Amino acid sequence: MIGPFRTLQLSDPQFEVEALRDATAKSPALGIRADVTLHVPPATSAQTDVPLIILLHGVYGSHWAWTRRGGAHRIATELQQRGELPPCVIAMPSDGLWGDGSGYLPHRTQDFERWIVEEVPAIARVAAPCVTEKSPCCIAGLSMGGFGALRLAAKYPRRFVAAAGMSSITHFNDMKLFVEERLGSFTVLDEDRSVGDTILRCRERLPALRFDCGTEDALLESNRALHTTLRAAGIAHDYHEFPGAHSWEYWGARLPEVLRFFAAALHKRRPEGTEAEVAARTRTAQSPTTDA
């Protein structure tokens, strides 16, 4: 056993290119093998508690979509070189490959939600030991992945510092625009169908939230409705609209903004620890310092 996994295989470092690492694990949540592509920058090797960013793909995609369609690793590298993103590991999992898309939801016999929330971070900790139990985690996604990222971050706020969605499905019913499977073939609890309802239900403790949509996207009105709902409820969030359609051209252009949003959230994140430890860190942070 490797952590919670009966089997977990990693790519050989001598064949890794552009700091990309691949992992395949026998997932207890899914009952099958599932894949994750990770971006592990060399700068993280000597560090600990390095932030983890999870990127969720949309329908029809898999673990390679963010790198081979969106160049996410190159975007992150450029931002890190400019000092706009701290050293971090990016995990890009498959959604479990159920039908045209699992929705990152718990189904009757497979729990695609637990795969993302629990098992993907566990794989990251094995594949990149600089990621630990203490590492802060952010999550983002596009389309179906936006539905997953926003819903899961709201549902599990202690696990995520920030969440972002691009061109997000905001209600499970919108899956019918994309998938071949009948929505009745999914096993979905009513409480998991709506991003807005999940956020409202969990409003007492939420991570930083951001979402955007293209002005030529079929999901624009749904995203506007989510923005209106959250604004009416007084829930803090960032919402933006940009020219563009439901396409990789749009998502690639938005990813730098999402990663900068995560960088800001990581910088401002609330300290962990006992009240005494937090108070001590606060006093230290407020003490005068002298530049060397």
(message) Quick check on my filter: what residues within region 19-51 are surrounded by fewer than 23 Cβ atoms within 10 Å (Cβ to Cβ), of a type outside the set (A, V, I, L, M, F, W, C) and touching a His at 6+ places or on another chain (Cβ under 6 Å)?
(response) 35
(message) Just to be sure I understand, how many residues within region 189-232 are over 23 Å from residue 158 (Cα atoms), open to solvent by less than 60 Å² (accessible area, probe 1.4 Å) and in contact (Cβ under 8 Å) with a residue 40 or more places away in the chain?
(response) 8
(request) Return the only residue of 54, 75 being surrounded by fewer than 24 Cβ atoms within 10 Å (Cβ to Cβ), of a type in the set (A, V, I, L, M, F, W, C) and in contact (Cβ under 8 Å) with a residue 12 or more places away in the chain. (result) 75
(request) Taking the options 276, 263, name whichever one is closer than 26 Å to residue 205 by Cα and at pLDDT below 95. (result) 276
(request) Residues being touching a helix residue (DSSP H, G or I) at 6+ places or on another chain (Cβ under 8 Å) and of a type outside the set (Ser, Thr, Tyr): count how many of those fall in region 183-228. (result) 27
(request) Just give me the residues in region 147-188 being among the polar types (S, T, N, Q) and either in a helix (DSSP H, G or I) or open to solvent by less than 20 Å² (accessible area, probe 1.4 Å) (or both), in sequence order. (result) 167, 168, 170, 173, 185
(message) Quick check on my filter: what residues within region 233-265 are open to solvent by less than 30 Å² (accessible area, probe 1.4 Å) and in contact with a strand residue (DSSP E or B) (Cβ under 7 Å, 6 or more places away or on another chain)?
(response) 244, 250, 251, 254, 258, 262, 265
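The values are calculated or read from the model by the stated rules, or taken from the named source; none is laboratory data. Since the model is a prediction, treat every value here as computed from it, not as a measurement. Note that we place each Cβ from the backbone using ideal geometry, even for glycine, and neighbour counts take in every protein chain shown. When the accessible area is computed, the model is the full protein with side chains, heavy atoms only, and any ligands, DNA or RNA have been set aside. Shrake-Rupley method; radii C 1.70, N 1.55, O 1.52, S 1.80 Å.
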